[in-house]
């Protein structure tokens with residue numbers, strides 16, 4: 001395992017992606033710390049930061065040669081599910097670590113809920129449209145939620161703006177969980193279009 005794992009990680013460009021996520025969180029944290037002495041980041045900005053941390057991970061959901069991966073002896077479904085769940089944990093850890101800088105992006109439960117839902121959307125995007133476009137839907141949704149961040153309202157609005165809801169909101173939790181489970185299942189099954197090996201680089 002120790003021999004193939006570094007090669008596998010590099011082939012997925014995971015170090016660069018995680019660095020991009022860390023930089024996104026750090027830039028937002030430093031900017032907020034320089035703007036005010038108040039540690040609590042507004043919900044809208046926290047949502048946008050979460051999306052910016054998730055976005056770089058989308059391209060890592062496809063390898064350089066999908067045809068080779070389909071012929072591998074590995075069981076890819078559990079590994080793909082592990083990718084998404086591991087990414088969610090990494091993003092939550094980065095957001096929580098910002099407290100070292102005196103910046104609070106929100107309660108851990110909200111960070112976990114929003115990250116889980118966005119990671120699920122990334123998985124759905126990778127399965128349906130390819131890894132190259134996986135970041136678009138969650139980023140657009142988060143941008144909308146960040147500008148319309150206001151908790152409460154009718155149930156449909158709570159579902160649409162699930163990222164902006166207060167901790168413990170049942171509708172937001174159900175929505176995020178649904179996206180996570182849907183993304184994990186869809187990406188694990190890889191129901192999206194298959195690309196030729198010559199076009200694989202475009203998926204990155």
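The values are calculated or read from the model by the stated rules, or taken from the named source; none is laboratory data. Not measured: the values here are computed from a predicted model. Cβ: placed from backbone, ideal geometry, glycine included. Neighbour counts: every protein chain shown.
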So which of 159, 98, 112 is in contact (Cβ under 8 Å) with a residue 60 or more places away in the chain and in contact with a helix residue (DSSP H, G or I) (Cβ under 9 Å, 6 or more places away or on another chain)? 98
Which of the numbered conditions does residue 59 fail, given that it passes all the others? Conditions: (1) closer than 18 Å to residue 21 by Cα; (2) modelled with pLDDT of 90 or more. (2)
For region 63-71, does any single residue satisfy the condition of being modelled with pLDDT under 95, under 25 Å from residue 120 (Cβ atoms) and buried (at least 22 other Cβ atoms within 10 Å of the Cβ)? no
